[in-house]
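For reference, the structure discussed in these notes is given below.
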Amino acid sequence: MPESLIIEEDQYSPGVIFNPTTNEYKIWGKSLPENPEKMYRPVLEWAEAFAKDPSSDMTLQLDLVYLNTASTKWLKQVLAALGEMNRKGKKLSIEWVYEEFDEDMQDLGEDLKNLTGLEFTFTEKPEE
């Protein structure tokens with residue numbers, strides 16, 4: 001089991017907490033980093049390592065207010081890697097959180113659900 005992965009949120013990159021000890025898995029904020037590979041490569045590598053031998057089921061909360069196209073491609077890879085858990089007998093579910101009236105983010109969640117075939121739930125939150 002990989003150690004926890006924690007990445008601090010900044011104005012261009014999302015925050016990430018992947019903590020198998022506390023069972024907290026979350027990506028939040030804006031995602032428009034100048035170098036998306038630098039941001040998402042550690043996340044993808046963590047996801048691949050965890051999915052090889054998952055210690056438990058996982059609910060990943062995605063609470064993103066904006067994703068650029070490059071970030072969306074990386075997030076799709078992360079979700080695909082984590083989806084391998086399902087083949088190992090552990091359940092992966094995604095909680096897609098979006099602000100009310102933000103149809104673009106709601107639609108992006110629906111697109112990712114359809115592209116990955118993963119179980120998504122959708123949670124609308126009040127606009128900030």
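The values are calculated or read from the model by the stated rules, or taken from the named source; none is laboratory data. None of the values given here were measured: they were computed from a predicted structure. Cβ atoms come from the backbone with ideal geometry, glycine included; neighbour counts cover every protein chain shown.
The set of residues in the stretch 77-128 that are of a type in the set (Phe, Trp, Tyr) and either touching a residue at least 60 places away in the same chain (Cβ under 8 Å) or in contact with a Leu (Cβ under 7 Å, 6 or more places away or on another chain) (or both) contains only 96.
Cβ-Cβ distances below 6 Å connect the following pairs, each with a first residue in the stretch 61-75 that is surrounded by 18 or more Cβ atoms within 10 Å (Cβ to Cβ), a second residue that is in a helix (DSSP H, G or I), and a separation of six or more residues or different chains: 71/36; 74/36; 74/40. Only one of the numbered conditions (1) in contact with a Lys or Arg (Cβ under 9 Å, 6 or more places away or on another chain); (2) buried (at least 16 other Cβ atoms within 10 Å of the Cβ); (3) under 14 Å from residue 30 (Cα atoms) is violated by residue 58, and that is (3). Being in contact (Cβ under 8 Å) with a residue 40 or more places away in the chain, more than 18 Å from residue 125 (Cβ to Cβ) and out of contact with any Gly (no Cβ under 8 Å at 6 or more places or on another chain) is a property that residue 5 has. Taking (1) hydrophobic (A, V, I, L, M, F, W, C); (2) surrounded by 15 or more Cβ atoms within 10 Å (Cβ to Cβ); (3) modelled with pLDDT of 95 or more; (4) in contact with an Asp or Glu (Cβ under 9 Å, 6 or more places away or on another chain) in turn, residue 122 satisfies each apart from (2). Please work out which one of (1) in a loop (DSSP other than H, G, I, E, B); (2) surrounded by 15 or more Cβ atoms within 10 Å (Cβ to Cβ); (3) modelled with pLDDT of 95 or more is the condition residue 10 fails and give its number. The number of the failed condition is (2). Where helices (runs of 4 or more DSSP H) fall wholly inside the stretch 36-128, the ranges with 2 or more residues that are over 15 Å from the mean Cα position of the chain (by Cα) and of a type in the set (Asp, Glu) are 103-116.
Scanning the stretch 76-105 for residues that are among the charged types (D, E, K, R) and closer than 21 Å to residue 48 by Cβ yields 76, 84, 87, 88, 90, 91. Within the stretch 39-52, does at least one residue satisfy the condition of being touching a helix residue (DSSP H, G or I) at 6+ places or on another chain (Cβ under 8 Å), within 19 Å of residue 118 (Cβ to Cβ) and surrounded by fewer than 15 Cβ atoms within 10 Å (Cβ to Cβ)? Yes; the residues of the stretch 39-52 include at least one that is touching a helix residue (DSSP H, G or I) at 6+ places or on another chain (Cβ under 8 Å), within 19 Å of residue 118 (Cβ to Cβ) and surrounded by fewer than 15 Cβ atoms within 10 Å (Cβ to Cβ).
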